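Visitor: This is the structure, below, for whatever I ask next.
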Amino acid sequence: MKLTTQELSPFFLGFFSLGFQIILIREFSSSFYGNEIIFGIFLSFWLFWGGVGALLAEKIKFKKHLMVFFYYMVLILIVFALIVLRYSKILLGFLPGEIPGLLPTILVSFIINFIVTLPLGIIFVLNVEFLKGNLSKTYILESLGSAVSCIIIYFLIIPKFSNWQGLTFIAISGLIFLSSFLEKKRFVISIILISISLAFGFLLDKITMNHAWNPFHLERYKDTLYGKIAVIKQNSSISVYENGLFSYTYPDREGAEESVHFILLQRENPENLLLIGGGMGGSLEEALKYKNIEIDYVELDPEIIKISLDYLDEKEKILEKRINYITGDGRFFLINSVKKWDAIILNLPEPSNALTNRFYTEEFFRIVKERLTDDGIFSLKIPSSENYISEELLAFVSSIFHTLKSVFKNVEIIPGNTNIFIASNSFISIEPEFLINRKNDLEIETYFFNAPYLFNRLSPFRLEMLSSGIERVKKIINRDFMPTSYFLNSILWSSFYDGIEKGILKFLYSKSSFWLIDLPVLLFASILVINMFRKKNPFLLPIWTIGFTSISVEIIIILAFQAIFGYFYGKISLLLFCFMAGLYVGSFLCHKKIKIKYTNLLMLQFLILISIFFIIIFLKFSGEWSGKFNSYFFYLILFVFGVYGGGVFVISTELYLKEKRRYGIGWALDLFGSSIGALLISTVLIPLFGLLKIMEYIFILNSLSFGYLTLKKFI
C-alpha cells in the first residue's frame, strides 16, 4: 500500500508514539520501581497528557509548517525527556540502585509525559486538519503506524540496541520523514542533522550512564530483551543490577551458603536440584559441594550468565558437566517438564510485580509439588528484618507462608535479614543440631554456615516472634488471578519513606469492593440516568467506555497470559501487536465497508458485551496452568477488542461530527477513558479483587452503556 505524504504523517505519528512509549517505559523501569503500580501511573499520565494535547489543538489554527514544527519539537523533547529521566534520581537526591518512593516516581512520570505526549496529542488533531477533516482516516493510519512500530521496536531494535540507540533510530526515521516537507536546501541540513543524531545517540548513552551511576564505578551495562543489566565493580567484588534493582553480589558466600544448605541438608543424599535464578552469586558453587548432585539451572535472561562468567574468579567450577544451563522462564520450564527433582530452589526477587508474583502463587506451588519426588523439598527466600518485624512486613511474609501452607503439609521459616521458607510434604527439621550433624556427615565445608551462626539464626526468641506474628495476621492466599502479595509488597516498599505513600496504599487495601468498585459504578449509572432525558449528544459516551474497556481488557489478558503460559517478551509484544492490528482493521472496516449509523453502534456495543461474557467464562475455566484453551485464544481476544475499539471510535466520532465539528474531543475522551482504566485496573483493582471480578464489573459498566444508548435512541 503506497501512502502519500499526507497519509504518511499520521502513520509516522503512530510509529513515533508507540516507539517512544516502549523506550520510555523500559528506561523508566530501570530507574524506578518497575511494578504494575508504577507502570499504571506512567501509562495513565501518557494517555492523560495526550488527551489534553488533543483538546488544546482545537484552539490552534492549522498551518502545515506549524505541524512540521511540532514534529521537530517532539523529536527534540524526547531526547530531553530521556536525559531528564536518566538524571532524575541524582536530581532528587537518590543513590544509584536506591528505589525512590511513590511520590518522586509520580512527579518524574508527570513531567516526562507532559514533555512528550502533550505535543503528540496536538499533532494528532493537526493531522486531521492536514487530511482535510478526515478524522477516521487519521485514526486508521495512526493505528497502522502503531502496529508496525510494535513489530519493529520489539523484534529489530530492542534485541540488538540499547534504549538510547533505539531512540536514535526512531528519531532518524522521523527526520527522514520530515525531510519530505522541506525544500532541497533544507533537505541537506536535515541529512546533516541525521548524521549528528546518530553519533549523538550512541555516544551520549555511555556518558549519561556513567554519570547516573556515580559515585560507583560502572564496569559494564547492556540493554537486553528483558531489561537493563548493570555491573558495578568495587575492589574485588562485583554487584549486578537488573532494571535498577539489586540482583546479586559476587562473591557473597553467606548469601549463597544460606540459600543452598538449609534446604539440601534436609536430605541424606540429594541427587538432583532445580535452581531457578540467582545461581551466579555463588549458589551453584555451594550446591556442587554435594558429591552426587546434578543441577538444572534456569535463568530467564541469557545475558546474565554470559556477563557473569566474565567476572567469576573460578568460573571453571560452574562450567562442569554436572550443571545443565537452561535459558527461559522458570515457571514455563516446570510446566513443560516431566522430570522430578529432590529439591527445587527458587532464587528470584520477591513478588514486587506481576512477573515475579507468579512464582509465589498457590498455582505455582502446586506445579512445584508435582515436580518434586515423594520426599522432595522446596525453598524460597524474601528480604526481611533480623530483629524487628513491622506490621507491613508481617502481612507480606504471612501471605507467602499461608500460600505455601495451602499446598504443602510442612512449612518452616528461617528468620533473619532474609526469611528462608522451606516446604515439603515430608520431613523438615530446622533444629541447629540436626543441620550441623547432617553437614558433618556429608563433609560439607562452609565458612559462615556453622554452629554459632545456626544457633544465633534459629534462636527460639526469633522463631516465636515470627510464628506468633503470622498467627495474628489475616490469612491471605496469593493467586495467579488475584496477586495480593505484590500489592502487600508495595505497601511494605512505601513504608520505607516518610511520605504519604504508605497511608494511601494501606487505605486502599483496607477498603471493601463497595467503596472501590460498587460506588463508582453506581455514580456512573446515576450520571447516565440524569442525562437520559436531556437533549445531549450520546455519541461521546461509547468512546470513553471503549477506551476504558479496551485498556482494561488488554491489561487483564496480558496478565492472564503471563500467569498461565509463562513470560515471553516476544509473545507479549505479539499480544500488543494483535491489539493495535485490531484497531487498524476495525477502524478501516467501519470507515470503508460499514455504514455510519446508530444501529451499527448499538450492534458493536452488544458484541462487546457478548465478548466480555465469554472472557469471564474463559477466565473461570483457565485458572489452572494447563488451561482448557490454546494460547492463540489470547491473541484472538486482543485482536477482537482492537477491532471493537477501532469500530466504536470511527462510528461514534463520525456521528458526533455530523452535529459538531470538533476533531479533538473524541480522541481526548478515548485517551481519558484509557487513562482512568490504566490507573485503576493495574495499580489497585486487580491485586485487590482479582482478574475475574474486575471483568465482571467491566461487563456491568458496558451493560449500563448499552442500556443508555438503547433507551436514548427511543426517547
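Visitor: Under the condition of being open to solvent by less than 10 Å² (accessible area, probe 1.4 Å) and not β-branched (Val, Ile, Thr), which residue from segment 263-275 is nearest to the chain's Cα centre (by Cα)?
Guide: Per the stated criteria, the residue is LEU275.
Visitor: In addition: Evaluate segment 337-350: report whether one residue or more is at pLDDT 95 or above, within 24 Å of the chain's Cα centre (by Cα) and within 28 Å of PRO251 (Cβ to Cβ).
Guide: Yes, segment 337-350 contains at least one residue that is at pLDDT 95 or above, within 24 Å of the chain's Cα centre (by Cα) and within 28 Å of PRO251 (Cβ to Cβ).
Visitor: Right, PHE70: closer than 24 Å to LEU135 by Cβ, open to solvent by 10 Å² or more (accessible area, probe 1.4 Å) and not in a helix (DSSP H, G or I) or not?
Guide: Against the criterion (closer than 24 Å to LEU135 by Cβ, open to solvent by 10 Å² or more (accessible area, probe 1.4 Å) and not in a helix (DSSP H, G or I)), PHE70 does not qualify.
Visitor: Could I ask something else about it? Sort out which residues of segment 119-164 are among the polar types (S, T, N, Q) and touching a strand residue (DSSP E or B) at 6+ places or on another chain (Cβ under 8 Å), and write them in order of number.
Guide: Result: SER162, ASN163.
Visitor: Restricting to segment 369-387, name every residue that is among the β-branched types (Val, Ile, Thr) and either in contact with a Gly (Cβ under 9 Å, 6 or more places away or on another chain) or more than 24 Å from ASP480 (Cα to Cα) (or both).
Guide: Scanning segment 369-387 gives a single hit, THR373.
Residue-by-condition table, conditions (1) open to solvent by 10 Å² or more (accessible area, probe 1.4 Å); (2) modelled with pLDDT of 95 or more; (3) closer than 21 Å to HIS261 by Cβ:
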| site | (1), (2), (3) |
| --- | --- |
| PHE365 | no, yes, no |
| SER384 | yes, no, yes |
| ILE389 | yes, no, no |
| HIS402 | yes, yes, no |
| ASN417 | yes, no, yes |
| ILE420 | no, yes, yes |
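Visitor: A further question follows. Do you know which residues across segment 209-235 are in a loop (DSSP other than H, G, I, E, B) and either within 17 Å of PHE28 (Cα to Cα) or free of Cβ contacts under 8 Å to residues at least 12 places away in the same chain (or both)?
Guide: Hits for segment 209-235 are TRP213, PRO215, LEU225, TYR226, ASN235.
Visitor: Being out of contact with any Leu (no Cβ under 7 Å at 6 or more places or on another chain) and within 17 Å of ARG26 (Cβ to Cβ) is the filter here; which residues of segment 109-152 pass it?
Guide: SER109, ASN113, THR117, ILE151, ILE152
Visitor: Now for a different question. Residue check: is ILE123 open to solvent by less than 50 Å² (accessible area, probe 1.4 Å), free of Cβ contacts under 8 Å to residues at least 60 places away in the same chain and under 25 Å from TYR663 (Cα atoms)?
Guide: No; evaluated as a whole, the condition is false for this residue.
Visitor: Would a scan of segment 298-309 turn up a residue that is in a strand (DSSP E or B) and crowded, with 21+ Cβ neighbours inside 10 Å?
Guide: Yes.
Visitor: So, one more: Please state which one of SER485, SER406, SER429 is closer than 30 Å to ILE615 by Cα and surrounded by fewer than 16 Cβ atoms within 10 Å (Cβ to Cβ).
Guide: From the options SER485, SER406, SER429, the qualifying one is SER406.
Visitor: Could I ask something else about it? Just a yes or no: is a residue in segment 42-56 open to solvent by 10 Å² or more (accessible area, probe 1.4 Å) and under 21 Å from LEU574 (Cα atoms)?
Guide: yes
Visitor: Does segment 456-467 contain any residue that is in contact with a Leu (Cβ under 8 Å, 6 or more places away or on another chain) and either assigned to a helix (DSSP H, G or I) or surrounded by 19 or more Cβ atoms within 10 Å (Cβ to Cβ) (or both)?
Guide: For segment 456-467, residues in contact with a Leu (Cβ under 8 Å, 6 or more places away or on another chain) and either assigned to a helix (DSSP H, G or I) or surrounded by 19 or more Cβ atoms within 10 Å (Cβ to Cβ) (or both): absent.
Visitor: Determine which single condition PHE649 fails, assuming it passes every other condition in (1) crowded, with 22+ Cβ neighbours inside 10 Å; (2) over 21 Å from GLY586 (Cβ atoms).
Guide: Just one mismatch for PHE649, condition (2).
Matching residues to (1) out of contact with any helix residue (DSSP H, G or I) (no Cβ under 9 Å at 6 or more places or on another chain); (2) assigned to a helix (DSSP H, G or I); (3) not small (Gly, Ala, Ser):
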| position | (1), (2), (3) |
| --- | --- |
| PHE11 | no, yes, yes |
| SER29 | no, yes, no |
| PHE39 | no, yes, yes |
| GLY51 | no, yes, no |
| LEU75 | no, yes, yes |
| LEU95 | no, no, yes |
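Visitor: What residue, of LYS289, LYS315, is farther than 21 Å from PHE359 by Cβ, open to solvent by 10 Å² or more (accessible area, probe 1.4 Å), among the basic types (Lys, Arg) and modelled with pLDDT under 85?
Guide: LYS315
Visitor: So, in segment 223-262, how many residues would count as being in contact with a helix residue (DSSP H, G or I) (Cβ under 8 Å, 6 or more places away or on another chain), among the hydroxyl-bearing types (Ser, Thr, Tyr), within 19 Å of TYR311 (Cβ to Cβ) and open to solvent by 30 Å² or more (accessible area, probe 1.4 Å)?
Guide: Summing the residues that are in contact with a helix residue (DSSP H, G or I) (Cβ under 8 Å, 6 or more places away or on another chain), among the hydroxyl-bearing types (Ser, Thr, Tyr), within 19 Å of TYR311 (Cβ to Cβ) and open to solvent by 30 Å² or more (accessible area, probe 1.4 Å) in segment 223-262 gives 2.
Visitor: Would you confirm whether or not segment 159-167 contains a residue that is surrounded by fewer than 24 Cβ atoms within 10 Å (Cβ to Cβ), under 16 Å from VAL79 (Cβ atoms), without any contact (Cβ under 8 Å) to a residue 40 or more places away in the chain and in contact with a Ser or Thr (Cβ under 9 Å, 6 or more places away or on another chain)?
Guide: Within segment 159-167, none of the residues are surrounded by fewer than 24 Cβ atoms within 10 Å (Cβ to Cβ), under 16 Å from VAL79 (Cβ atoms), without any contact (Cβ under 8 Å) to a residue 40 or more places away in the chain and in contact with a Ser or Thr (Cβ under 9 Å, 6 or more places away or on another chain).
Visitor: Please indicate, with yes or no, whether at least one residue in segment 580-595 is free of Cβ contacts under 8 Å to residues at least 40 places away in the same chain and assigned to a helix (DSSP H, G or I).
Guide: Scanning segment 580-595, I find at least one residue that is free of Cβ contacts under 8 Å to residues at least 40 places away in the same chain and assigned to a helix (DSSP H, G or I), so the answer is yes.
Visitor: Can you go through GLY278, GLY282 and tell me which one is closer than 18 Å to ILE420 by Cβ, of a type outside the set (D, E, K, R), open to solvent by less than 60 Å² (accessible area, probe 1.4 Å) and without any contact (Cβ under 8 Å) to a residue 40 or more places away in the chain?
Guide: Criteria check complete, one pass: GLY282.
The values are calculated or read from the model by the stated rules, or taken from the named source; none is laboratory data. Small disclaimer: the values here were computed from a predicted structure and weren't measured. Neighbour counts run over all protein chains shown; Cβ positions are idealised from the backbone, glycine included. Surface accessibility is based on the protein's heavy atoms, side chains included, excluding ligands, DNA and RNA. Shrake-Rupley method; radii C 1.70, N 1.55, O 1.52, S 1.80 Å.
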